[in-house]
Amino acid sequence: MSYQKEYRESIEHPEAFWSRQAELISWFEKPKTILSQDEKGFYHWFKGGKLNTSYLTLDFHVENGRADQTALIYDSPVTETVLRYSFQELKEEVSKFAGVLREKGIEKGDRVIIYMPMIPEAVVAMLACARLGAIHSVVFGGFAPNELAIRIDDAKPKVLVTASCGIEFSNIIEYKPLVDEALRISNDPPVNVILLQRPQANASMQAGRDFDWDELMSSANPADPVPVDATDPLYILYTSGTTGLPKGVVRENGGHAVALKYSMKSIFNSNPGEVYWAGSDVGWVVGHSYIVYAPLIHGCATILYEGKPVRTPDAGAFWRVISDHQVNTFFTAPTAFRAVKKEDPEAKLKDQYDISSLRTLFLAGERLDPPTYDWLEGIMNCPVVDHWWQTESGWPMCSNPMGLEAHPVKVGSATFPVPGYDIQVLDDEGQPCEPGTTGNIVVKLPLPPSCFPTLWNDDERFQKSYLSQFPGYYQTGDGGIIDEDGYVFIMGRVDDVINVAGHRLSTGQMEELIGSHNGVAECAVVGIDDELRGQVPVGFAVLKDGVQIGQDDLEKELVAIIRNEIGAVACFRKSAIVKRLPKTRSGKILRKTIRQLAFEEDVPVPATIDDPVILSEIKDAMEACGIGKYSES
Ligand code: COA
Ligand code: AMP
């Protein structure tokens, strides 16, 4: 079917369209309604339908001839391990761990926090929660105890599942001290911790609270899938908003399964039985959707890669994995390929591997910048596809729909809206922008299946952050353009969120933390362009009157604050002391102007600034501490 026809049907007759897609998954009971609104006016898909997501990923395939087919390939260069699990084997592990959780009191609707590195047990724990109808909340391993504690306090889990360590290149990161600290500072800690001891680190255990994964598994009674309602939550995934409090994005079982199943063919052009690899982390939405759920629902083998694009052991790592496992579809973040390009600019290492199995390369997590696209286009023998989405959607919102109809590429564009998404560009007053004019990227309601129905425990914030500025539309937080041919160009966030190495972080949160330093009167954190990571956060601090602290000392202290409170993953490494910050007359800090000053010669002085000298003061401060273009010399 042509893309246009399919897209039009999805927008004009969404219920008919999604009712047809819902036929592609196996329900215990078919949905009674396709689309409904609750008393708050929030949309839900497939209400009344009964299913189980763990059943769809495992039992369904075991019952339908795929029992011995590989479901999960764990490839870990950092431990020199490769393990394969068939659908049958994975089902057995998941059933057993579901039994373990049940013995620890977990039932449908209970929350479980999973704080784990990229090991098969992370996938097992997620699917075991799904099996019981429990709600998992995976916390990325790079987050500090404070971030873990914030998520614990919001989700109120009964159990936390973890491992003794993660491995970053060759560094062993011990998780248990981080978990212990998070539980210590949390207001509502879980009753039990289940911990997998890895050979690389032995965690100390607290008797009565902490339990050993292997011991519990050895005596577990396997659990069968528990039917849940399509609108019951499968997981909560916290993502950065504009303040220190992350947003708990809720994902419902039914819409999620239907949309992911649909995406595997229509967007990724992937077929059951093939090998699908998303080089991400289970702590991010890409990991949830395209390492764990979508490939397994579709009957593909999925790869769990515990390594990096480079130095594990070299910049040929991606090509090695593709070749070793005959990967058909590969998906990663542009930053990962920028790291490869930096170390192997001519991609010479690629010649050592046969990667002819690869049909398509997909990139997301940040914009596929034209230089990286051009480089990839030059070295790959397959299409290179930029696609755009968010934690909130759970699956692509714009893409070249490779399984429907591949379109010519426009470099810098994520191509067309995916069926189900009525994407428009509005100006700040809510008026439609002309083609080619930059504005706010919005999606006309209702959002398609899988998109979040609300935020965990916070309907008000959901309404305020996403639905209030443009009534009738979901505000994505991204700015961009739709051109005269309908191609969508996503140009970056319009709020205080930045994207560092494909990781979404809040500059607002960093400002709150820096503002807590007792020498700082006020501050701004902005995302400065970075060749490897896309953006990195840089702080600009105005000192309180009379405070005497040197540039280097303040920088060290601020770096330590962000590292301890958010985690190393924030990559906050630079800050400058400035006399004043550029602001509008109403006091809003002009972060965009600061960003421009880092790279551009003639930055126009915004009309709202009374004293243009302020801009040269910022430039001088940047030069003094090597920020942006001043760092190149
Ligand atoms: N657990 C603990 N620490 C972690 C971590 C994790 N899971 N992930 C990152 N960190 C730490 C790193 O060790 C590093 O610490 P350091 O400052 O002490 O060196 C810090 O966080 C910054 O990490 P990162 O920005 O990832 O830098 P890097 O040098 O380790 O790797 C890349 C750079 C580009 C190779 C890496 O960022 C990458 O592969 N990015 C792809 C991202 C991705 O897949 N995103 C998902 C969206 S699709
Ligand atoms: P996350 O919720 O962590 O997946 O981050 C989502 C944000 O990453 C989006 O709102 C965009 O700002 C950015 N993003 C992700 N993919 C793309 C893309 N292909 N093009 C442009 N921006 C992207």
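The values are calculated or read from the model by the stated rules, or taken from the named source; none is laboratory data. Since this is a predicted model, take the numbers as computed values, not measurements. Cβ sites come from the backbone with ideal geometry, for glycine too, and all protein chains shown count toward neighbours. Protein only, heavy atoms only, side chains kept; ligands, DNA and RNA dropped before computing areas. Shrake-Rupley method; radii C 1.70, N 1.55, O 1.52, S 1.80 Å.
Residues are listed down the side, and each one gets a yes or a no for (1) in contact with a Pro (Cβ under 7 Å, 6 or more places away or on another chain); (2) closer than 21 Å to ASP496 by Cα; (3) free of Cβ contacts under 8 Å to residues at least 40 places away in the same chain:
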| position | (1), (2), (3) |
| --- | --- |
| GLU405 | no, no, no |
| SER413 | no, no, no |
| GLU429 | no, yes, yes |
| LEU445 | no, no, no |
| PRO449 | no, no, no |
| ASP458 | no, yes, no |
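Of the residues making up region 502-514, one or more are assigned to a loop (DSSP other than H, G, I, E, B), farther than 24 Å from ALA541 by Cβ and in contact with a strand residue (DSSP E or B) (Cβ under 8 Å, 6 or more places away or on another chain). Among residues of region 577-595 that are in the same structural domain as SER616 (by TED's automatic domain parsing), those with a Cβ under 6 angstrom from a residue that is assigned to a loop (DSSP other than H, G, I, E, B) and of a type in the set (S, T, N, Q), sequence gap 6+ or separate chain, pair up as THR584/THR608; ARG585/THR608. A Cβ distance below 9 Å, combined with a sequence gap of six or more or placement on separate chains, defines the contacts here; from region 335-346, residues that are over 20 Å from ALA278 (Cβ atoms) and open to solvent by less than 20 Å² (accessible area, probe 1.4 Å) reach residues that are within 7 Å of ligand 1 (Cβ to nearest atom) and assigned to a loop (DSSP other than H, G, I, E, B) in the pairs ASP344/VAL310.
Residue count for region 466-494, restricted to those that are within 13 Å of ligand 2 (Cβ to nearest atom) and either open to solvent by 50 Å² or more (accessible area, probe 1.4 Å) or at pLDDT 95 or above (or both): 16. Count of region 249-266 residues, restricted to those that are open to solvent by 10 Å² or more (accessible area, probe 1.4 Å) and part of a helix (DSSP H, G or I), is 3.
Considering (1) in a strand (DSSP E or B); (2) under 30 Å from THR372 (Cβ atoms); (3) of a type in the set (D, E, K, R), the lone condition that GLU623 does not fulfil carries the number (1). Counted as qualifying within region 1-65 are the helices (runs of 4 or more DSSP H) with 2 or more residues that are out of contact with any Cys (no Cβ under 6 Å at 6 or more places or on another chain), open to solvent by 10 Å² or more (accessible area, probe 1.4 Å) and over 20 Å from LYS265 (Cβ atoms), namely 60-63. In this structure, GLY394 qualifies as touching a helix residue (DSSP H, G or I) at 6+ places or on another chain (Cβ under 6 Å), in contact (Cβ under 8 Å) with a residue 24 or more places away in the chain and within 16 Å of ligand 1 (Cβ to nearest atom).
The residue that is farthest from CYS571 (Cα to Cα), among those in region 522-549 that are among the small types (Gly, Ala, Ser) and not in a loop (DSSP other than H, G, I, E, B), is ALA541. Reported count of residues in region 499-520, each being open to solvent by 10 Å² or more (accessible area, probe 1.4 Å) and within 17 Å of the chain's Cα centre (by Cα), is 5.
Residue by residue through region 383-396, note down the ones that are open to solvent by less than 20 Å² (accessible area, probe 1.4 Å) and more than 9 Å from ligand 2 (Cβ to nearest atom). Selection gives VAL384, VAL385, GLY394, TRP395.
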